[in-house]
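The values are calculated or read from the model by the stated rules, or taken from the named source; none is laboratory data. Fair warning: this is a prediction, and the values are worked out from it, not measured in the lab. Virtual Cβ from ideal backbone geometry, glycine too; neighbours counted across all protein chains shown.
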Amino acid sequence: MAPSSLACDGCGQTATPEHIARRLQRLEWTTRYRPVHIGTLLLSGVSPRAEEEFLYAGIFQGEAGRLLEAVGISPAGKSTEVVLSEFQRGGFLLTHVLECPLESVQSDGPSLESLLAQQISRVATRIRRSIKPKRVVLVSELLASVAARLSSTELGCAVVLDKGKPFVVDSPNASEAGQLLRKALTSSTAGM
């Protein structure tokens, strides 16, 4: 089997050497700031394509900036290390169902929905066996179709949703979702 026909275990897409190199870099960044005890796993749909939007790259634009705002962490005037350490000390970890950015969807290849559906069981097993958070918060509209599958029974911990749906923090107009998420995090922390 040719290397280009292998599927990436983090996203199910074709794994070229460049794809694997980018995945390993993102795993390295994420692992550096993984809390020992994870209080809240923020689960998003697809890792952002732009490096500056990937939280652990430390540039804090796009998705990264919206997530920091949603959990109440301001990067203003702080170094990357200080911001990510604050996120880590808060017990937060961000991961994505598709751990790699979506490559171009080809007509003969799997759709985004099918890639998410294919990966969701693997992600649930990883959450239950390896990550072991106290709660999981869905923060992407892309996860609406799989939210019902991600029950507390399936994950072994509380699942925090916005009226049965994911918090839509992955939208450019996500300030309201961020406020709702902060409120939900505060109220679910009080119940822990």
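Taking every residue in segment 55-82 that is modelled with pLDDT of 95 or more and pairing it with any residue that is part of a helix (DSSP H, G or I) and hydroxyl-bearing (Ser, Thr, Tyr), at least 6 positions away or on another chain, the pairs with Cβ-Cβ distances below 6 Å are Tyr56/Thr30. In the set (1) of a type in the set (Ser, Thr, Tyr); (2) farther than 16 Å from Gly178 by Cα; (3) outside any strand (DSSP E or B), Ser74 fails one condition alone, (2).
Note on segment 53-71: residues that are under 21 Å from Leu102 (Cβ atoms), in a loop (DSSP other than H, G, I, E, B) and of a type in the set (Gly, Ala, Ser) total 1.
Evaluating Leu41 against the criteria (1) touching a Gly at 6+ places or on another chain (Cβ under 9 Å); (2) in contact (Cβ under 8 Å) with a residue 60 or more places away in the chain leaves one unmet condition, (1).
If you go through segment 138-158 and keep only what is touching a Ser or Thr at 6+ places or on another chain (Cβ under 6 Å) and crowded, with 18+ Cβ neighbours inside 10 Å, you end up with Val139, Ser140. Restricting attention to segment 13-52, the residues that are closer than 20 Å to Arg129 by Cα and assigned to a loop (DSSP other than H, G, I, E, B) add up to 7.
Let's see how each residue does on (1) surrounded by 13 or more Cβ atoms within 10 Å (Cβ to Cβ); (2) at pLDDT 85 or above; (3) hydroxyl-bearing (Ser, Thr, Tyr):
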{"position": "Arg89", "(1), (2), (3)": "no, yes, no"}
{"position": "Phe92", "(1), (2), (3)": "yes, yes, no"}
{"position": "Ser107", "(1), (2), (3)": "no, no, yes"}
{"position": "Leu115", "(1), (2), (3)": "yes, no, no"}
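Please specify each residue of segment 13-42 satisfying the condition of being farther than 26 Å from Cys157 by Cβ, of a type in the set (Gly, Ala, Ser) and surrounded by 16 or more Cβ atoms within 10 Å (Cβ to Cβ). Ala15 - this is the single residue of segment 13-42 that is farther than 26 Å from Cys157 by Cβ, of a type in the set (Gly, Ala, Ser) and surrounded by 16 or more Cβ atoms within 10 Å (Cβ to Cβ).
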